[in-house]
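Peer 1: Sharing a structure with you now.
The values are calculated or read from the model by the stated rules, or taken from the named source; none is laboratory data. On a predicted model such as this, the values are computed, not experimentally measured, just so you know. Cβ atoms come from the backbone with ideal geometry, glycine included; neighbour counts cover every protein chain shown. Accessible surface areas use protein heavy atoms only, side chains included; no ligands, DNA or RNA. Shrake-Rupley method; radii C 1.70, N 1.55, O 1.52, S 1.80 Å.
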Amino acid sequence: MIEITLPDGSVKEFEKNTTPMEVAKSISEGLARNVISADFNGITVETKTPLTDNGSLILYTWNNPEGKKAFWHSSAHLLAQAILFFHPQAKLTIGPAIDNGFYYDVDFGSESISENDFKKIEDKMLEFARQKFEFEMRSVSKADALSYYKEQGNEFKVELIENLTDGDITFCDHSDFTDLCRGGHVPNTGIIKAVKVMSVAGAYWRGDENKPQLTRVYGISFPKQKELKEYLLLLEEAKKRDHRKLGKELELFAFSAKVGQGLPLWLPKGAALRERLENFLKKAQKKAGYEMVISPHIGQKELYVTSGHYEKYGEDSFQPIHTPKENEEFLLKPMNCPHHCEIFNVKPYSYKDLPKRYAEFGTVYRYEQSGELHGLTRVRGFTQDDAHIFCTPDQLIDEFNAVIDIVLYVFSALGFKDFTTQISLRDPDNKEKYIGSDENWEKAENAIMRSAKEKGLNTVIEYGEAAFYGPKLDFMVKDVLGRNWQLGTIQVDYNLPERFDLTYKGSDNQLHRPVMIHRAPFGSMERFIAILIEHTGGNFPLWLTPEQVILLPISEKYENYTKNVLHLLENSEIRALVDNRNEKIGRKIRDAEMSKIPFMLIIGENEEKEGTVSVRKHSEGDLGSFTIEQFAKIIQDEIDKTLQQF
């Protein structure tokens, strides 16, 4: 007999070689019908994998992320099978599940695939799926695995196998299809009821632009046709909200081939919006005791060698800048924290001086491959709302809690209500990826977990997601389309203070190391604004939107009164502009609606005579006639609802 521990902590006894599916049936037939994957002692297993030892078992359904991963991984096998049906000479490489669906990278040789081929591939996938083929895992020796793929002439699979350990190699079979695979499948293909080939794109083998270019075929699948339809509708809504599309329509930002890929240009309206975001955070930071600093856009290479950033990111950074002086090298700044360490080092501090809180909207640069660039979410130059707190160990929890308060304030003011927090810890099985002692890591990890608990945050723990110098608390926000984004991060760091030899004099008159907290509520201004555009659909909170009001005079006869209204609004610090084009009022209203301006003020004979304005609200219609003072109060009341004082 073996003992199986379930997620609720209960322990049940089963016969040796019992499968996860049999465990599910022992709980309920309903659960058994829905279970599609399982985890045993932290390892993904098939639902029919025999369990031979005591251990912890988690059963996954479609509603679990892990269940979706198994579903989509299995669907990738179906996709590959269908591709080989139509292109027998194609060479398969890798086909993982991703956040939404799956892909398979394929070398089609002299052939190609286009959107015109999607329907027949989908139909063939469903034809295979309906036959309810079971996924069968089997171990294969390294020699046999190499022989199998060498015979096929698939140098990509051969390269993968050559890097695997003999004894750890497995194949997955279903129907007449075989693939190199580590496992993690649904019970059979019949569970897959709806599929869609989404797109094709170019992708370099192993992400290396010096290696062959492959065709990446993206797809998604569902257990019900209804869910696929809902997903496609969601995609259509996402297209409407795409920040690249809205950014252009609302004249917020642009890109120029001459300036360079991944380097956004902020247009006047976008720059004004961004400046308001910065001022909003600066005001809160000032109340929280932060001091603004400014650091240069470049630094000596040695600075980033000291911090460890060069070792970790040097290959992915822009190449060093060489000066006329021999052996002198500078780098475009990849991070702000080394500079802030040097600011702290400018003069000695006592424990009475701490904490020191340095904040900067600092622009940093990372070289992203051109294929990875995407609007404002993946760029080569971006501005972080960076701050670094240097404190004593006794101050750490209070400071960390105070940073959480700032992040929550930001989310509240910008309408992000649905979020979880992820405690990102180092990978205990791969510690060489990180710098610093075990003792320092344990201190930092424990501090984050304690602080999150004190704040009552809804947390999940993810191993292997820490920064190379310390653990972190990441805020995962769900937007209106149900997508998860990582926004805002707080990190505890005992390592950079050691690397930069940072000290303060304690109450015992001895020198001690400060603890360093890294924090960025926005993350990067570019990415945050991109997500905000898509979350709001361009309908920003009234306090933030570039233009709050547009004045629409019916004709030029009311130009003087319109100017007077504009002047009164500006005196009330309301951002307004005038549409004095020689257009019909209906056209002016439509254009204002398209520009997503929150309020339209119609001005004609009656308004001039009565000293009022006729108010129309974006997407809602007419609100009625108001005096300027009454309208100004409407604006202020709406702002006060969302923008509380910190």
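Peer 1: Classify the stretch 210-284 as rounded, prolate or oblate, taking a ≥ b ≥ c as the square roots of the eigenvalues of its Cα gyration tensor: rounded when a/c is under 1.5, otherwise prolate if a/b is larger than b/c and oblate if not.
Peer 2: Numbers: a/c = 2.64, a/b = 1.51, b/c = 1.75.
Cα axes put the stretch 210-284 in the oblate bin.
Peer 1: Okay, next question. Nearest 500 deg cm²/dmol is fine: what mean residue ellipticity at 222 nm does the chain get from its DSSP H runs of n ≥ 4 alone, each adding -39,500 (n - 2.57), divided by its residue count?
Peer 2: Details: 20 runs with 228 residues, N = 646.
That comes out to -11000 deg cm²/dmol.
Peer 1: Tell me the GluC sites (Glu not before Pro) within the stretch 1-51 that lie in a loop according to DSSP and have at most 13 other beta-carbon atoms within 10 Å. Let's see the in-between values first.
Peer 2: Numbers: sites: 3, 13, 15, 22, 29, 46; in loops: 15, 46.
Passing both the DSSP loop test and the Cβ count: 15.
Peer 1: Okay, next question. Karplus couplings for the stretch 326-332 from phi (6.51 cos²θ - 1.76 cosθ + 1.60, θ = phi - 60°), rounded to Hz, Gly and Pro as x?
Peer 2: Per-residue couplings from phi come out as 4, 6, 8, 10, 10, 10, 4 Hz.
Peer 1: Classify the stretch 457-517 from the C-alpha gyration tensor, please: rounded if a/c falls under 1.5, else prolate or oblate depending on whether a/b exceeds b/c. Intermediate values should be presented prior to the final figure.
Peer 2: Values: a/c = 3.68, a/b = 2.96, b/c = 1.24.
Taking the square roots of the gyration eigenvalues as a ≥ b ≥ c, the stretch 457-517 is prolate.
Peer 1: Compute the relative contact order of the stretch 52-119 as a whole-number percentage, counting only Cα pairs closer than 8 Å that sit 6 or more residues apart in sequence. Spell out each step's value before the answer.
Peer 2: Working: 62 pairs, mean separation 16.7, N = 68.
Dividing the mean separation by the residue count of the stretch 52-119 yields 25 percent.
Peer 1: Let me ask another. Report the Cα centroid-to-centroid distance between the stretch 571-602 and the stretch 1-48 in angstrom, as an integer.
Peer 2: 62 Å
Peer 1: Then there's this: Output ³J(HN,Hα) for the stretch 71-80: one whole-Hz value per residue in order, computed from phi by the Karplus curve 6.51 cos²θ - 1.76 cosθ + 1.60 with θ = phi - 60°, and x for Gly and Pro.
Peer 2: Each residue of the stretch 71-80 in turn: 4, 6, 5, 5, 5, 4, 5, 4, 4, 4 Hz.
Peer 1: Turning to a different aspect of this structure: In whole Hz, what ³J(HN,Hα) sequence does the stretch 431-442 give by Karplus (6.51, -1.76, 1.60; θ = phi - 60°), x for Gly and Pro?
Peer 2: These are the phi-based 3J(HN,Hα) values: 5, 5, 6, 10, 9, x, 7, 4, 4, 5, 5, 5 Hz.
Peer 1: Treat every Asp and Glu Cβ in the stretch 428-496 as -1 and every Lys and Arg Cβ as +1, leave all other atoms uncharged, and give the resulting dipole magnitude about the Cα centre to the nearest 20 debye. Numbers along the way, then the final one.
Peer 2: Details: 9 positive and 12 negative charges, 66 e Å.
That gives the stretch 428-496 a dipole magnitude of about 320 debye.
Peer 1: Mean separation of Cα pairs under 8 Å and 6+ residues apart, divided by the residue count of the stretch 426-475: what relative contact order is that in percent? Provide the component values of the computation, followed by the final result.
Peer 2: Numbers: 34 pairs, mean separation 30.6, N = 50.
Normalised by residue count, the contact order of the stretch 426-475 is 61 percent.
Peer 1: Determine the relative contact order of the chain: mean sequence separation of Cα pairs under 8 Å and six or more apart, normalised by residue count, in whole percent.
Peer 2: Numbers: 1167 pairs, mean separation 55.3, N = 646.
The normalised contact order for the chain reaches 9 percent.
Peer 1: List the cysteines of the chain that have no other Cys Cβ closer than 4.7 Å: which are they?
Peer 2: When partners are defined as cysteine Cβ atoms under 4.7 Å apart, the chain leaves 337, 341, 391 without one.
Peer 1: Need the C-alpha centroid separation for the stretch 466-502 versus the stretch 152-198, integer Å.
Peer 2: Here the two parts' Cα centres lie 35 Å apart.
Peer 1: Looking at the chain only, what percent of DSSP beta bridges run antiparallel? Nearest 5 please. Spell out each step's value before the answer.
Peer 2: Working: 94 of 112 bridges.
Counting DSSP beta bridges with both partners in the chain, the antiparallel share is about 85 percent.
Peer 1: Is the stretch 85-158 rounded, prolate or oblate when judged by the Cα gyration tensor, a ≥ b ≥ c being the square roots of its eigenvalues, rounded requiring a/c under 1.5 and prolate requiring a/b larger than b/c? Don't skip to the answer; put the middle values down first.
Peer 2: Details: a/c = 1.82, a/b = 1.30, b/c = 1.40.
Oblate, since a/c reaches 1.5 and b/c is not below a/b.
Peer 1: If you build the convex hull over the alpha carbons only and average its shadow over all orientations, what do you get for the chain? Give it in nm² to one decimal.
Peer 2: Averaged projected area of the chain's Cα convex hull equals 37.4 nm².
Peer 1: Ok, one more. Would you mind working out the magnitude of the charge dipole of the chain relative to its Cα centre, with +1 at each Lys and Arg C-beta and -1 at each Asp and Glu C-beta, to the nearest 20 Debye? Walk me through the intermediate numbers first.
Peer 2: Values: 81 positive and 99 negative charges, 293 e Å.
It works out to roughly 1400 debye.
Peer 1: In Å², and per residue, what accessible area does the chain have when probed at 1.4 Å with the other protein chains present? List each step's numbers first, then the result.
Peer 2: Numbers: 32050 Å² over 646 residues.
Per-residue value: 50 Å².
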